[in-house]
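Since the structure comes first, as C-alpha cells, the remarks are kept for the end.
The values are calculated or read from the model by the stated rules, or taken from the named source; none is laboratory data. Predicted model only: the values in this text are computed from it and were never measured. Ideal geometry is used to build each Cβ from the backbone, glycine not excepted, and the neighbour counts take in all protein chains shown.
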C-alpha cells in the first residue's frame, strides 16, 4: 500500500471542514432549488449596466491572460483613494487576500486575534497556516474593540481581524472609535480592516483610506454593493512595503480578466452604487418592520443584511433556520453563542422580501 | 518609525521577483501596444461558441457566489475521465493549484525537483513555501526523466514537477516513457504532471487519467486549447485523499462563476477543440518552414508554440527578442542556458503568423 503523498504535519493536522457550505450544496441535498436566496449577503440588485457591458466585452478577449499588474483597475482605485498604485493590491476576493496576509505575517504557533463568531474564512486561513486563534467575545452584539486590543497586547499577536461593519451581526463602530483603536495598536501588529460592507454603512462609520499606517491593511470588495460576488474580485490598500510583501507570495495571474474589467466599470458608476445602497436601506426597513410585527427584535444594520433575534439560546434560531430551509428559503445564522440567537437575512428584492416575509411569518409562529 | 507589519522570516527572505512580466507591462514600458502578441502561448483561435454563450449567460448571474464545490463542472470532468468527483479539483488556473500542492507537501528546507529552465511559476511557489529547488538539466532539449528520478531518489524529495508536453521547449515524452517514470517513483514522492498542452500532443504522448496512483496529480487547463487563459480555470485529478488534502487549504470560493460556466460548455465542444488543434498544427508547420527558409532549426513541438533555435549562447536569441519587441512583436524565450539559444513563438492566426514572419525575417538577418 502506497501512502503518498505525504502531507506536511500542519496539513495532516487540519480538519476537512470548510468555512461555508454553499447554497448549491444545500439544494442538492434537499433535491430542489431554493425559492428565495437570502443567505449569503449577495446583492439582489444586480450590477451596473456599464459593468455588464464591460464584462461582456472582456469575454471577447478571454483568450488573453489578464494583466498580472491589474494596472488599469489599480490606477483607478489609487486615484479614488488618493494613494499610489504600489499601495493597492488586487485579489480574487477578500478571501484570497486574507489567506496571503496570514501567510505573510503568521508563523505556526503564533497567536492571531479575532472576535468569537466573526468571519469563518479568516479563521480557516489562520488554521491553515498554523496560527493559533484567540477569539474575543462580542459585547452587546458588537465587536469589542477594547477586548481585541487587550488580547493583541497580552498575546503579542502579529495579526488581528476586524470587520467594520461587522458580519454576521451587521453592527458597526463609528470611524472615531476605529481610529482610536488603530492608534492604540502596538507597532508589531497588523490589523486587517475588512470593509466589505462599508458602502451600506452610515457616513459616521466611514473614514478615508490613507495608506500611511503600516499597522493597517484595508480591504474592500466588489462582491457586495457592486453585485459581483461570482466574479471574485476585491482590493486592499496598505503601505507599499506591505503590498510588496504580498506581491512576493500572491498568485500573480489570479484575478480573472472579466472581473477586472467589470470592477473598473463599476467603480466609475457611483450613481448605480448609490441606488443599490438606497434599495438596501429600504429592504432593511422592511425586515425591521416585519420583525416588529412578529414581536421580534432586530439589530440595527450597517450592511445588506439584518440579524433577527429569535431569542433563546441558539435552539430557536436553528429551528427556524431549518424550517425556513424546508420551505425553500436560504438564510444563514451565526455559528456561536450568544450570536446564534439570531438568523441573518440578506436584503432581497421587494418581491423576495415579500416572499420571505410570508414564509417567515408562518414559520416563526410554529 | 513603525516597522510593522513584521513578515515571517520566510517571507522576509523572499525576493521581489515575479515569475512572468506581462505583455501589458512591456507595452507600458515601450509606450505602445504590441502589433503581434505571440509570447504567452495564449490561443489565437478564440473560444467555443457555446463557451462564449455560457459565459455571457453567467455574467447575468454574477451577483451570486460561484458554487464552491464546482459541482457541475467537476461532474463533467469526472465523467470525461471516468473518475469519481472527489478525485477532481478545480483551481483558478494551474498556477493556483501548483501553489497549494507545494504548500500541502513541502516543508521549509525540503528539496523539490524540477528541470532547469522549466515552469518559473512552479519554482516561485516552491521558494514561496521555503522549499529548496533542485534543478536537473534538460537533455537534448527534452526533460531528462532519468536525471529527475535520480534527483528525487538522492534527495528523497517529496515533490517533483514534470510538464508533458514541455514548456518552454515544446518537446514531449511518449506515454510509455512517462508511465515508466511514474512506476519508478518512490512511494513518498508526489509527481505534478502538468499537461497544460496535452491537447496539442501526438496521440502517443497521451494516456488516460486514472486517479488510482497516489504518487501522481495530473493537471489540465482551459487556458490553452480551450482559449480561456483570462478566465483562470484549470483542474487536477488525483486520488481522493490528495484532493481532500488540497481541500483543507484551498480558497473554496476562488474559481470565478463565469469561468466555471465557460469551461463546462467548452468541455462539451470537442469539435471546436479539434479545430483549434488542427489550426495550431498548421501554424507550427508555418513556423518550421519559416525557420528553414532562414537557415534556422526548430524543435518539433507538441504544443501551441515553437522554439526557434537562434544558435549561439543566449546572446543571439536575446538580441533577436529585443529587436522583435522593438518592432512590436511580443515573444518570450527560455531563461537559462542552454535552452536560451531559442526564442519561443506562440502559434498566432494566419495573419499574425504572416506579420511575425515578415518582421522576424527582417530582424533575424540583422
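Within the span defined as the range A:91-107, every residue fails to be more than 12 Å from chain B (Cβ to nearest Cβ), closer than 22 Å to residue A:167 by Cβ and touching a residue at least 24 places away in the same chain (Cβ under 8 Å). Residues in the range B:195-225 that are within 11 Å of chain A (Cβ to nearest Cβ) and touching a residue at least 40 places away in the same chain (Cβ under 8 Å): B:217, B:222, B:223, B:224, B:225.
Yes or no, residue by residue, for (1) within 27 Å of residue B:37 (Cα to Cα); (2) surrounded by fewer than 22 Cβ atoms within 10 Å (Cβ to Cβ); (3) within 18 Å of the chain's Cα centre (by Cα):
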| position | (1), (2), (3) |
| --- | --- |
| B:157 | no, no, no |
| B:168 | yes, no, yes |
| B:183 | no, yes, no |
| B:188 | no, yes, no |
| B:210 | no, yes, no |
| B:216 | no, no, yes |
| B:223 | yes, no, yes |
| B:230 | yes, no, yes |
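Restricting the range B:259-284 to residues that are closer than 11 Å to residue B:233 by Cβ and within 21 Å of the chain's Cα centre (by Cα), the residue that is surrounded by the fewest Cβ atoms within 10 Å (Cβ to Cβ) is B:267.
Listed here are the residues, each with its yes/no results for (1) farther than 30 Å from residue B:94 by Cβ; (2) in the same structural domain as residue A:250 (by TED's automatic domain parsing).
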site	(1), (2)
A:12	no, no
A:30	yes, no
A:36	yes, no
A:58	no, yes
A:63	no, yes
A:66	no, yes
A:78	yes, yes
A:86	no, yes
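Within the range A:156-194, the set of residues being within 14 Å of chain B (Cβ to nearest Cβ), outside any loop (DSSP other than H, G, I, E, B) and in contact (Cβ under 8 Å) with a residue 24 or more places away in the chain comprises A:159, A:160, A:161, A:182, A:184, A:190, A:191, A:192, A:193. Of all residues in the range A:46-82, those that are facing chain B (nearest Cβ under 10 Å), surrounded by fewer than 21 Cβ atoms within 10 Å (Cβ to Cβ) and over 30 Å from residue B:348 (Cβ atoms) total 2. Scanning the range B:283-305 for residues that are assigned to a helix (DSSP H, G or I), closer than 25 Å to residue B:228 by Cβ and in contact with a helix residue (DSSP H, G or I) (Cβ under 8 Å, 6 or more places away or on another chain) returns B:283, B:286, B:287.
Being touching a helix residue (DSSP H, G or I) at 6+ places or on another chain (Cβ under 7 Å) and buried (at least 23 other Cβ atoms within 10 Å of the Cβ) is the filter here, so list the residues in the range B:232-242 that pass it. Of everything in the range B:232-242, those that are touching a helix residue (DSSP H, G or I) at 6+ places or on another chain (Cβ under 7 Å) and buried (at least 23 other Cβ atoms within 10 Å of the Cβ) turn out to be B:232, B:233, B:234, B:235, B:236, B:237, B:238, B:239.
Of all the numbered requirements in (1) more than 30 Å from residue A:186 (Cα to Cα); (2) more than 8 Å from chain A (Cβ to nearest Cβ); (3) surrounded by fewer than 21 Cβ atoms within 10 Å (Cβ to Cβ), residue B:13 misses one, and that requirement is (1).
Which one is nearest to the other protein chains (Cβ to nearest Cβ), of the residues in the range B:133-143 that are within 18 Å of the chain's Cα centre (by Cα) and under 15 Å from residue B:164 (Cβ atoms)? Step by step, filter the range B:133-143, then rank; the result is B:143. Within the range A:243-258, the residues that satisfy the criterion of being surrounded by fewer than 24 Cβ atoms within 10 Å (Cβ to Cβ) and in contact with a strand residue (DSSP E or B) (Cβ under 7 Å, 6 or more places away or on another chain) are A:243, A:246. For the range A:233-253, the set of residues classified as facing chain B (nearest Cβ under 8 Å), within 22 Å of the chain's Cα centre (by Cα) and closer than 13 Å to residue B:6 by Cα consists of A:242 only. Here's a check for you: in the range A:108-132, which residue that is within 10 Å of another protein chain (Cβ to nearest Cβ) and more than 21 Å from residue A:147 (Cβ to Cβ) is surrounded by the most Cβ atoms within 10 Å (Cβ to Cβ)? Result: A:125.
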